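Have a look at the structure below before the remarks.
Computed from the coordinates by the stated procedures, all read-outs in this text should not be read as laboratory data. Just so you know, these numbers come straight off a predicted model, no measurement behind them. Cβ coordinates were reconstructed from backbone atoms using ideal geometry, including for glycine residues, and neighbour counts include every protein chain displayed.
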Amino acid sequence: MELLTLLERCQISFGAKADRLRRMLGAGFPVPTAYVISDADCTAADPDALADEVRELMTTVFSGSPVVVRSSSADEDTPLASAAGVYESYLNRRTPDEVLGALRLCRQSALSADADAYRDMHGATERAPMSVLIQKMVACETSGVLYTRNPVAENATMLVESSQGLGTKVVAGLGAQDRYTLSRAGGTASPEPGWTVPEGGLHTALRTLGLMLEAEFGRPQDVEWGLSEGRLYVFQSRDVVAKRVTPPLRATRPETLGASAAALVISPGYGIGTPVERGNGPALPGQVVVLDAMPTASELANLQDAAALILRVGNTLSHSAALTRELAIPAVLISGPEAIPGSGGPLLVDGVNGRVVRLLDLPPVDRKKAIFAAMRHAGLRGTSGHHYQGRYETVLFDPVLQDRVRWYLRDGGVETVDRVQRILPFDDPDRTYCGISARIQSTADTCRVQFKRANLLPDRPFRFDEEVHVHTESEDAGAELLRGLHYVGRPAQERRIGIAEVEDVRLQFNSWPGAGQSYLGLESEHPEQVEKFLIACDVPVSECAPLDGKDLFEMLGLGLDSLRFRGNS
């Protein structure tokens, strides 16, 4: 055959899926027999010649056996993009005409709305070359998906979802009959000869398969497998693709085995917003979208800015769930008789602990922590209008040493930009303190809501500040956002700030009305840069302190109210 290439002889240009199957076959993994036709040959081949080769294949190698026709595009199954479920596969094709028809449809799926949306989400503008696999179909009694690293837990487990038959329900997001975790602890056992599975030995065989595939490819794997007549088969193994968004609060994600029907995590993270049923247009920031089915790639393109998703049908290892995790959209499944919490303000979708609760039902401190966690997650995943930054910060109070810094800046020709900043603080009605604040900051040309968490670092002259800035069109828009989160506005404040940037260090000289002195805040993503700058200014680092806002106001002898400059309304 000139157009159809035996899997063992295919090249990397035939796509990652085919190349990985070739590698697995060469390493002794139980991969069904397959042939591949390259994108170039699909495009240029004489239709009659291709038909003749497919006819020969189906009457010789695959005589009496159905086949599956699958994509092997250059932009799927890569370390940065899985394209899980974006391109079509066609099962149970038995005749040459059925195979040729499936081959055409498979390639046409590269032009679908889902494929266009997925490429757009990853910044691609052109269709990638698509080769096609024709693979012997295995009649499975049980099949499913194995993740060698549990995608919704932080413990050292694997996660398996399976169903009877071909397992199409699992990858399609229609639910799984079985869901369980496997331990990663201990060494890798050798598989049974021929990858046979003794009675009761499926869990052991899957664990062995997962650890061996992870060792082969060097990264956590998303594996599609099947069990037929006592033998284990592997149909696909690709790198797990997901944004790493670490939880800002200590939490242990629950084991999915035996998890509550109302609290199954699909995609980790935190989101807060008003619940809305799925509409036709793009979701807005601050909306928790309720779905009756798992979203397709084109639907996910419209859900990128949603605060979170609540699903009534779905499962964790489906193709759709994988794409949702690629976008880091928090998502949980509510499939039991429990209803979504009733009206009364926004909901917290906690895709770390696996729960959906009304924000107002949380105690004040927990509410503040939840709000910051949700805003932090939105900033890290790039929700429109949200920006996250984490910086090390320290404060210099000594006025003589502040002057040294000013002289150093002048000698270096570094300009300080002076402005008056208007601040509208917001807090819970009881004004509980926990190191987390929310306020509107506006100058002449910008307005933003700032959510901030100060983390003190023991025995160090720095604290680590995490901030999320939500840009708004006006103070009224910012106030509406904060009041919707059950915050209450406090009296307006003002301060004069002088800002300079030097070698990745941001300097901010702060003067509050009524204060006898100013102070200097120094911040950077790299604390050693701050220390280097201070040494250059002949300022001892020991003169700095990791003071938060509460400590600063106490040292300045100021209350939180009536901080306005004279003459300002």
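Note on residue 368: aspartates and glutamates with a C-alpha under 18 Å away, same-chain residues under 8 apart excluded, are 350, 427, 428, 430, 465, 466, 467, 480, 548. Extension gain for the segment residue 277 to residue 503, taken as residue separation times 0.36 nm less the Cα-Cα distance, is 76.5 nm to one decimal. Considering helices alone, the calculated mean residue ellipticity of the chain at 222 nm is -7500 deg cm²/dmol, with DSSP H runs of length four and up weighted by -39500 (n - 2.57) and normalised per residue. Taking other residues whose beta carbon is less than 15 angstrom from the beta carbon of residue 403, and scoring Lys, Arg as +1 and Asp, Glu as -1, yields -1. Summing +1 for each Lys or Arg and -1 for each Asp or Glu among the other residues whose beta-carbon sits under 11 angstrom from that of residue 299 gives 0. Stretching residue 536 away from residue 111 to a fully extended chain increases their span by 147.1 nm, per 0.36 nm per residue minus the current alpha-carbon distance. Evaluated over the Cα positions of region 139-240, the convex hull gives a direction-averaged projected area, one quarter of its surface, of 6.2 nm².
For residue 215 and residue 9, a Förster radius of 35 Å and the Cβ-Cβ distance give a FRET efficiency of 0.90, rounded to the nearest 0.05. DSSP assigns beta bridges within the chain; of those with both partners inside it, close to 90 percent run antiparallel. Of all lysines in the structure, the ones whose alpha carbon falls short of 28 Å from that of residue 169, not counting any fewer than 8 places away in one chain, are 17, 136, 243.
Kirkwood hydrodynamic radius of region 1-137, from the reciprocal of the average inverse Cα-Cα distance over all distinct pairs: 15.1 Å. Loop-located trypsin sites (Lys or Arg not before Pro) across region 407-461 with a Cβ neighbour count of 16 or fewer within 10 Å are 431, with loop assigned by DSSP.
For region 315-380, the relative contact order is 20 percent, taking Cα pairs closer than 8 Å that sit 6 or more residues apart in sequence and dividing their mean separation by the residue count.
At 25 °C and 0.890 mPa s, grab the translational diffusion coefficient of the chain from Stokes-Einstein with a Kirkwood Rh over Cα pairs, rounded to a whole number in µm² per second. The estimated diffusion coefficient comes to 91 µm²/s.
Electrostatic bookkeeping for residue 544 treats Lys and Arg as +1 and Asp and Glu as -1; over the other residues with beta carbon under 12 Å from its beta carbon, the sum is -3.
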